[in-house]
């Protein structure tokens, strides 16, 4: 009766067989550095482009960088999904709570 | 077959036991990692509160603006990035950008340290761990310099509500980076004492999770506080 794993155990085990190589991490870091350079570049051109474009592009780059670090450097892509659920739960809860926070301040004219 | 026998058959193949030589868990998920992820989830709420407060009060930069040295004479409606006699404002974006690259680089060295200890390449592990701690220290040194500059320009913690929100947010992040440096040095010392090797790589992974989280928080702060148009 050996090798008896539950589905959860199997899921947890899966990530240990999938460690990316150092070269892969270097490539990810290179992409992150490129995106950061693009972000910084917006500071020098912001008088020449519309504000909405800057806001949109900076937000998009920020989200992409966030997801890349969480997925590859923090191994969320390879680890058991339970960790992903925990982290996303925290993020969603924070965004929900502070969206209500902003709405309340706007509603009552505070801030 | 008794229940005890069945357990003894299952546990030796357990992932947590196989990797760390420790007790298995009923879920098959490492309790230590689960706890760290739960902690990081709760940290989202902490930094969410601080970022939200900053966003709420960022327009209040001009409260008591007469106390901000570079803006005494013209009294124009300025933000933290622009205005003043020299047009440079309070924020130094090129300087903070370099700090951001440094912290981003430290995430790479952290993940390389984890790879090294998993492979049993202990010399590389020590090099990458110390490099990560050094990069984190450079980031903190930069933040201290930046704060000093702000205070010299007239923006202190209690200058106005913008200053309070800004220093609380970036200061809390700085404290997290400092704690991360302490954790990195602790892992280095544990390794030197022979208490941390490839069998205990999960300890390094957990420290790495904390370090990368500090990095992702800075990704948000750098964009929202420093780069978003005023």
Next on the checklist: Looking at segment A:76-88, can you tell me whether even one residue there is more than 9 Å from chain B (Cβ to nearest Cβ) and more than 22 Å from residue B:35 (Cα to Cα)?
Outcome noted: no
Checklist outcome for this item: Every listed condition ((1) at the interface with chain B (Cβ under 7 Å from one of its Cβ atoms); (2) closer than 16 Å to residue B:222 by Cβ; (3) modelled with pLDDT of 95 or more) holds for residue A:25 save (2)
Checklist entry - What residue, of B:106, B:30, B:52, B:100, is crowded, with 20+ Cβ neighbours inside 10 Å, at pLDDT 85 or above and more than 9 Å from every other protein chain (Cβ to nearest Cβ)? => result B:106
Checklist entry - If you scan segment A:47-70, which residues turn out to be crowded, with 17+ Cβ neighbours inside 10 Å and within 9 Å of chain B (Cβ to nearest Cβ)? => result A:54, A:58, A:61, A:62, A:65, A:66, A:69, A:70
Checklist entry - Of the residues B:156, B:208, B:163, which is more than 14 Å from chain A (Cβ to nearest Cβ), in contact with a helix residue (DSSP H, G or I) (Cβ under 9 Å, 6 or more places away or on another chain) and in a helix (DSSP H, G or I)? => result B:163
Item to check | Residue pairs meeting the criteria (Cβ under 8 Å; at least 6 apart or on separate chains; first assigned to a loop (DSSP other than H, G, I, E, B), in segment A:41-70; second modelled with pLDDT under 90) | outcome: A:46/B:229
Checklist entry - Looking at B:184, B:209, B:227, B:196, which one is over 30 Å from residue A:55 (Cβ atoms), buried (at least 16 other Cβ atoms within 10 Å of the Cβ) and modelled with pLDDT under 95? => result B:196
Item to check | Residue check for residue A:35: exposed (fewer than 15 other Cβ atoms within 10 Å of the Cβ), assigned to a helix (DSSP H, G or I), at pLDDT 90 or above and under 20 Å from the mean Cα position of the chain (by Cα) | outcome: no
Next on the checklist: If I filter segment B:110-118 for residues that are surrounded by fewer than 20 Cβ atoms within 10 Å (Cβ to Cβ) and either under 23 Å from residue B:33 (Cα atoms) or within 17 Å of the chain's Cα centre (by Cα) (or both), do I get at least one hit?
Outcome noted: yes
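The values are calculated or read from the model by the stated rules, or taken from the named source; none is laboratory data. These figures come from a predicted structure and were not determined experimentally. Note: ideal-geometry Cβ built from the backbone for every residue, glycine included; neighbour counts use all protein chains shown.
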